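*Asks:* Handing you this structure, nothing more for now.
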Amino acid sequence: MTFSMSYLLEQTINGITLGGLYALVALGYTLVYGILLMINFAHSELFMAGGYVGLGALKLLGDPAVAKTAGMGFLAPIQSFFLSGTVGYICLIAAAFVISGIVVGFMGVFIERFAYRPLRHAPRLAPLISAIGVSIFLQNAALLWISSKQLPYSRVDGTSFVPAKTAFTVAGVNISTMQILIIVTSLVLLAVLDTFVSKTRIGRAMRATSQDRDAAGLMGVDINRVIALAFFIGPALGAIAGVFNGMYYGSVKYNMGFIPGIKSFTAAVIGGIGNLRGAMLGGFLLGIVESLASGFLSNAYRDVVAFIVLVLVLIFRPGGLLGEAVAEKV
Amino acid sequence: MGMRKIRTYVSLIAVLAAVALVVTGCGGTTGTTDGGAKAVTVTIGIGAPISDGAVALGKGMVRGANLAVKQANESAEIKDLGIVLQTVEGDDKGDPTTGGNVATQFTSNPSLVGVMGHLNSGVTRVAVKIYNQGNVLQVSPANTAVDLTQMGMKNYFRVCTIDSVQGPAAADYAFKVAGKKVAFVVDDSTPYGTGLADEWAKQFEANGGKVAGREKTGDKDTDFKALVTAIKSKGVDIVYYGGIYNSGALLSKQMKEGGLAVPLMGGDGIFDGEFIKLAGAANAAGDLCTSIGLPTAEMPKGQEFIAAFKAEYPGEEIAAYDAYSYDAANVIIKAIIAVAKEMGADKVTTTEGKKAIIAAVPSTDFEGVSGKVSFDANGDTTNKAITVYAVGADGTWAPAAK
Amino acid sequence: MTDAKTQAGTVGKVATIPPKKLALYGVIALLLIIVPTTLQAASGLGFLVRILVVVGIWVLLALGLNIVVGYAGLLDLGYIAFYAMGGYVGVLIGQTVSSSLGSGTYWAMLIPAALAGAATGLALGFPVLRLRGDYLAIVTLGFGEIVRICLVNDLGGLSNGATGLPRGVETLQAPWPSAWLQDTVRFPTPIGEFVFGPNLYWYFVVLLLIIGAIIVIRRLDNSRLGRAWVAMRENEVAAAACGINIRTQKLWAFSLGAMSGGIAGVTFAYVQQFISPESFTFMESVFVVCIVVLGGMGSIPGVIVGALVIRGIPDLIQGLMVAGVIQLSGDVTSMITGYRFLVFGLLMVIMMAVRPQGMIPSKRRALELHPDDDRILAEEDQTLWDLKHRDQSPDDV
């Protein structure tokens, strides 16, 4: 391996991009964990659902071949706006995010209402098992009702919705438009969420609920509303990550959520689960570590390196990087 | 409390016993045939990944075998013998443990004499021993692991060539015809991908080429960005991928998008239209793959097969193993016919009949869709032709220029 | 306090088993022998015996995890790593000594496999056991993946990578007296020829292992260690204050559970005559956890029923169709095979809502959990009712 600065930089950018995706998904885990102390195992499937809904939205709004099929002609004028140059493309992606975020957000709220709320006072492992059940259900629903195949994240004619080729080269380092888009969007969303939670009234209610649910209830916080909100925001961010994942890597499949799900959960734990900034930090850290491990060590052991980092962090800081040193509640 | 618990247990046991009885009762009757027609039902198992794994290839196997059986049932030869052939699908999901269960189920089926399958070499490793115990013939259209025919299993045959033929042929093409000198070799950590990539790398180096690096990925991986950056830094002119189309296509796509404009070459696992769809025709253009045998359309029986396929499965594409599965099923059917002629149709599904069917296969010799079908002493096909395909500008696989 | 009393009662009862219970045990034992033997003889149903073997191996796994999750309350999501260690160690050592041990290899390998499992459990437990519940879950998950990836990548040239063991033309020796039984014990019956084949042999081996595991676990449950686990599970701090060494107790639970996993692993390898990393994915770990929780944490019958339902039923449905026992039209077949996991996922959710303590809950846990739940629920409802009726404007959050 010939070491060069540009190689290191390019791998780091790969890592930051991957980290941005992890961070977006990790926020969903951490939000729910912070409030309910449960691992929402189905979150990775909501990420997958986000990928599918986003693909559907992109096809309806940005694929002329779809508008040409019978009964879909009314889409043509809408599409002509979205396909009209840079502004149109940006609007197209934004529309896919919004649609996917809203649909999947409501899926999250729905799942919480029917699968988790009845278990709020059940033994500790019950919600976890229920979540695994939801996860198996969603995966098989996608397999049966959408497709068992890996679907390309592109128009019917095979072209990408967003030109994903290398955008420019700085000092020998290739950066693609997609990478910039992912990094910028994830940072902006993280900042917005952070402000929302720390500055607004409902954000304060969320923090209160995560500190002590009963006490918050006594103080007049509508706990169910707060929980539902967490189950909307988390999956919505996960869905956006799902759309990005599809556009960046090029496909969706019914079992695609599994590996990013585990990694993002790992990221949330590294950062200190329950802590929003921790999830972001953990996500970026894990992404960079993985990318560098793959680039300098061996692609085969990237996951091993990721999990070793997790173990090391937890041994030296049992509460995660930004988590408080937690004493078991007595 | 105690009483209630005992009652629960007793009822549970009663239910289990009832289920066992019902099931046993059913089992007794399946062996007999319908009295009216007096035809003997002979079953052929299709072992393939249907719900998980390389599903597109697995479904192709089901199509090919079913087509062969349907044609056989319509032939006068089978009708005169008083045999009705039927198929039963066993979904092995590409997983050895599931494959072992499927193999036991096949073996338990009294009317089942042969299995057309499996796709994955790892599945066969477990299944073939079970078939061997149960005197069931196995003909695989797709196993390429070299050692499978060296395990001393007399009931095992395959109609496809193996890694040690396919890998080197591909490496020869890459070095001698395409003029590639520096390669990076990637596999998907499955037995299939690893075996093929190892054989390719060995031959490429023997030819004088340089293997600049060797990496492993997972067969469900989608993120190859860091790998692509690493490959790019090595200055290679070809990437060899041992694996299946799902991940292979994404590697090709991410290579081209990441500024690594060299062809990706793979084995028969990426020889599917899905590869081009997933990678995008523009990215896949110039990618190479090898497949066993000669192009179906150029074979003497090829056009006939394509016509029959289009009639039976309108709107579906022929995948990599449809033709091989058709040939593999025909190997079983021809052995059944030979035994039925010799011993009588009613003896086909007995233990002696099953043993006779296995014994009849080595003398197989017919013109199949993939070429001449006959076996050597180990059960490997004598047809060792390999064809190189390339993705053309029109976005389809076409035989590459020699 | 009441716990101790019930416990004392149970211990006292061991000496004199009531006749009714004795009769029940007798019936169960008889069924356990007769049903598989009949199935083996019945033409076309032999595969059901294999399903029983596979389910039995999962019962062993679940019994082991039950110690960790059910008794000690530690959520282990990488339990499959011990299963893998047992399998690989058993096969690797077995291959080197099989020339001298012959058909005794499998039986001899139970010991190194169990030790390998326990040693792995200790090695993992030592650094991570001070972590709190969910952190432990993710670290064990990571550990399971690390083990699998190392196996796939053929670390140290031992595991033969993705291809698995045994290598190429080598085979694993069938254990004593499987070959003899198959050759000797065969006779015609009215329902088909009975052959004492390998599946039936393995059924009895696995049955013996399960019975052994149950005896050990029941003794443990009533021992000082078992009570320490319960105390620790309920309240770590209070248990520590009572003089229980939390770390040691956790290590015991971890390594004993892992030992059972190791034994299951080597048995699996010899049953299947082959072992490869594909069998040790994270999903398998999840399945074991599901068996324990759905069956009933801390409950031995619960775990057995859980394994039968979760591993047995999907295989049974598919098996009956593939083996030609039930003839269904193609549409119905694909409906059933396609939808079974969907329904399975849904059932898990419903089950947790209706009966979170599991199908057959442990008596002790049911007592501990249920009244408490109801009390808390009632209190909560009361609080909410009070809140709603206290004339607050909703904006006053």
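*Asks:* Could you say whether any residue in region C:72-91 is in contact with a strand residue (DSSP E or B) (Cβ under 9 Å, 6 or more places away or on another chain) and surrounded by fewer than 24 Cβ atoms within 10 Å (Cβ to Cβ)?
*Replies:* no
*Asks:* Here is a follow-up. With (1) in contact (Cβ under 8 Å) with a residue 40 or more places away in the chain; (2) in contact with a strand residue (DSSP E or B) (Cβ under 8 Å, 6 or more places away or on another chain); (3) over 26 Å from A:L8 (Cβ atoms); (4) small (G, A, S) as the list, and A:G158 as the residue in question, which single condition is left unmet?
*Replies:* Only one criterion in (1) in contact (Cβ under 8 Å) with a residue 40 or more places away in the chain; (2) in contact with a strand residue (DSSP E or B) (Cβ under 8 Å, 6 or more places away or on another chain); (3) over 26 Å from A:L8 (Cβ atoms); (4) small (G, A, S) is unmet by A:G158, namely (1).
*Asks:* What number of residues within region B:261-282 satisfy the criterion of being within 10 Å of chain A (Cβ to nearest Cβ) and buried (at least 21 other Cβ atoms within 10 Å of the Cβ)?
*Replies:* The initial filter retains those residues of region B:261-282 that are within 10 Å of chain A (Cβ to nearest Cβ), namely B:274, B:276-282.
Pick out the ones that are also buried (at least 21 other Cβ atoms within 10 Å of the Cβ) and you get B:274, B:276-280.
Summing the residues that are within 10 Å of chain A (Cβ to nearest Cβ) and buried (at least 21 other Cβ atoms within 10 Å of the Cβ) in region B:261-282 gives 6.
*Asks:* Hey, another quick one. For region C:308-397, which fully contained helices (runs of 4 or more DSSP H) count at least 2 residues that are within 30 Å of B:Q105 (Cβ to Cβ) and at pLDDT 70 or above?
*Replies:* Filter on region C:308-397 gives C:313-322, C:330-354.
*Asks:* Among the candidates A:P127, A:P123, single out the residue that is more than 26 Å from A:L60 (Cα to Cα), within 9 Å of chain C (Cβ to nearest Cβ), at pLDDT below 90 and not in a helix (DSSP H, G or I).
*Replies:* That would be A:P123, the only listed residue that is more than 26 Å from A:L60 (Cα to Cα), within 9 Å of chain C (Cβ to nearest Cβ), at pLDDT below 90 and not in a helix (DSSP H, G or I).
*Asks:* Also: Quick check, is A:L143 surrounded by 22 or more Cβ atoms within 10 Å (Cβ to Cβ), under 16 Å from A:N255 (Cα atoms) and aliphatic (A, V, I, L, M)?
*Replies:* no
*Asks:* Is it the case, given these coordinates, that A:G282 is more than 14 Å from C:E145 (Cβ to Cβ), more than 13 Å from the chain's Cα centre (by Cα) and without any contact (Cβ under 8 Å) to a residue 60 or more places away in the chain?
*Replies:* Values: more than 14 Å from C:E145 (Cβ to Cβ): yes; more than 13 Å from the chain's Cα centre (by Cα): yes; without any contact (Cβ under 8 Å) to a residue 60 or more places away in the chain: no.
The answer is no for A:G282.
Yes/no matrix, rows are residues, columns are (1) charged (D, E, K, R); (2) closer than 24 Å to C:V292 by Cα; (3) in contact with a His (Cβ under 9 Å, 6 or more places away or on another chain); (4) part of a helix (DSSP H, G or I):
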position: C:V68; (1), (2), (3), (4): no, yes, no, yes
position: C:L75; (1), (2), (3), (4): no, yes, no, no
position: C:G90; (1), (2), (3), (4): no, no, no, yes
position: C:Q95; (1), (2), (3), (4): no, no, no, yes
position: C:G121; (1), (2), (3), (4): no, yes, no, yes
position: C:F143; (1), (2), (3), (4): no, yes, no, yes
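*Asks:* Please identify the pairs in which a residue from region B:295-324 that is over 22 Å from B:A48 (Cβ atoms) and in a loop (DSSP other than H, G, I, E, B) has its Cβ atom under 8 Å from the Cβ atom of a residue that is acidic (D, E) and modelled with pLDDT of 85 or more, counting only partners at least 6 apart or on another chain.
*Replies:* Here the result reads B:P300/B:E367; B:K301/B:E367, each pair linking region B:295-324 to a residue that is acidic (D, E) and modelled with pLDDT of 85 or more.
*Asks:* In region C:172-212, what residues are part of a helix (DSSP H, G or I) and within 11 Å of another protein chain (Cβ to nearest Cβ)?
*Replies:* Quick first cut of region C:172-212, residues part of a helix (DSSP H, G or I) only: C:178-184, C:198-212.
If the condition is that a residue be part of a helix (DSSP H, G or I) and within 11 Å of another protein chain (Cβ to nearest Cβ), then C:Q182, C:P198, C:N199 are the ones that fit.
Conditions tested, residue by residue: (1) in contact with a Gly (Cβ under 7 Å, 6 or more places away or on another chain); (2) more than 9 Å from chain C (Cβ to nearest Cβ); (3) among the acidic types (D, E).
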residue: B:L57; (1), (2), (3): no, yes, no
residue: B:M61; (1), (2), (3): yes, yes, no
residue: B:V69; (1), (2), (3): no, yes, no
residue: B:D80; (1), (2), (3): no, yes, yes
residue: B:V84; (1), (2), (3): no, yes, no
residue: B:T87; (1), (2), (3): no, yes, no
residue: B:D91; (1), (2), (3): no, no, yes
residue: B:T107; (1), (2), (3): yes, no, no
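*Asks:* Looking at region C:150-161, I want the residues that are more than 9 Å from every other protein chain (Cβ to nearest Cβ) and have a partner that is assigned to a loop (DSSP other than H, G, I, E, B) and surrounded by 21 or more Cβ atoms within 10 Å (Cβ to Cβ) with Cβ atoms under 6 Å, at least 6 apart or on another chain. Which pairs are those?
*Replies:* C:L151/C:S159
*Asks:* Follow-up question, since we're still on this one. Please determine, by comparing only the residues of region A:205-218 that are more than 13 Å from A:L31 (Cβ to Cβ) and more than 8 Å from chain C (Cβ to nearest Cβ), which one is surrounded by the most Cβ atoms within 10 Å (Cβ to Cβ).
*Replies:* A:A216
*Asks:* Right, next: Do any helices (runs of 4 or more DSSP H) entirely within region A:239-330 hold 3 or more residues that are away from chain C (no Cβ under 13 Å) and over 28 Å from A:M5 (Cα atoms), and if so, which?
*Replies:* A:276-292
*Asks:* I'd like the full set of residues that are over 21 Å from C:D134 (Cβ atoms), in a helix (DSSP H, G or I) and either away from chain A (no Cβ under 11 Å) or in contact with a strand residue (DSSP E or B) (Cβ under 8 Å, 6 or more places away or on another chain) (or both), limited to region C:232-253.
*Replies:* Result: C:T248, C:W252.
*Asks:* Now for a different question. Inside region C:106-124, can you point out the residues that are buried (at least 24 other Cβ atoms within 10 Å of the Cβ) and modelled with pLDDT under 90?
*Replies:* Result: C:L124, single match.
*Asks:* Right, next: Assigned to a helix (DSSP H, G or I) and among the polar types (S, T, N, Q), is that true of A:S84?
*Replies:* no
*Asks:* Can I ask one more? Any residue in region A:167-179 that is surrounded by 11 or more Cβ atoms within 10 Å (Cβ to Cβ) and assigned to a strand (DSSP E or B) sitting within a Cβ distance under 8 Å of a residue that is hydroxyl-bearing (S, T, Y) and at pLDDT below 70? List the pairs, counting only those 6 or more apart or interchain.
*Replies:* A:N174/A:T166; A:I175/A:T166; A:S176/A:T166
*Asks:* Same structure again: Just checking, which of C:V271, C:V305 is modelled with pLDDT of 90 or more, surrounded by fewer than 24 Cβ atoms within 10 Å (Cβ to Cβ) and among the hydrophobic types (A, V, I, L, M, F, W, C)?
*Replies:* Working: C:V271 fails: surrounded by fewer than 24 Cβ atoms within 10 Å (Cβ to Cβ).
Sole residue among the options that is modelled with pLDDT of 90 or more, surrounded by fewer than 24 Cβ atoms within 10 Å (Cβ to Cβ) and among the hydrophobic types (A, V, I, L, M, F, W, C): C:V305.
*Asks:* Residues that are surrounded by fewer than 24 Cβ atoms within 10 Å (Cβ to Cβ): find the strands (runs of 3 or more DSSP E) completely inside region B:133-243 holding 1 or more of those.
*Replies:* B:182-187, B:210-216, B:238-242
*Asks:* I would also like to ask the following. Residue check: is B:I292 of a type outside the set (G, A, S), under 24 Å from B:T41 (Cβ atoms), touching a residue at least 60 places away in the same chain (Cβ under 8 Å) and crowded, with 21+ Cβ neighbours inside 10 Å?
*Replies:* Here the answer is no, as B:I292 does not meet what is asked.
*Asks:* On to the next question. What's the number of the condition B:A319 fails, among (1) under 25 Å from B:L137 (Cβ atoms); (2) within 14 Å of another protein chain (Cβ to nearest Cβ); (3) modelled with pLDDT of 90 or more?
*Replies:* Condition not satisfied by B:A319: (3).
The values are calculated or read from the model by the stated rules, or taken from the named source; none is laboratory data. Only a predicted model underlies this, so the values are computations on that prediction, with no experimental measurement involved. When we count neighbours, we look across all protein chains shown, and the Cβ atoms used for this are built from the backbone with ideal geometry, even at glycine.
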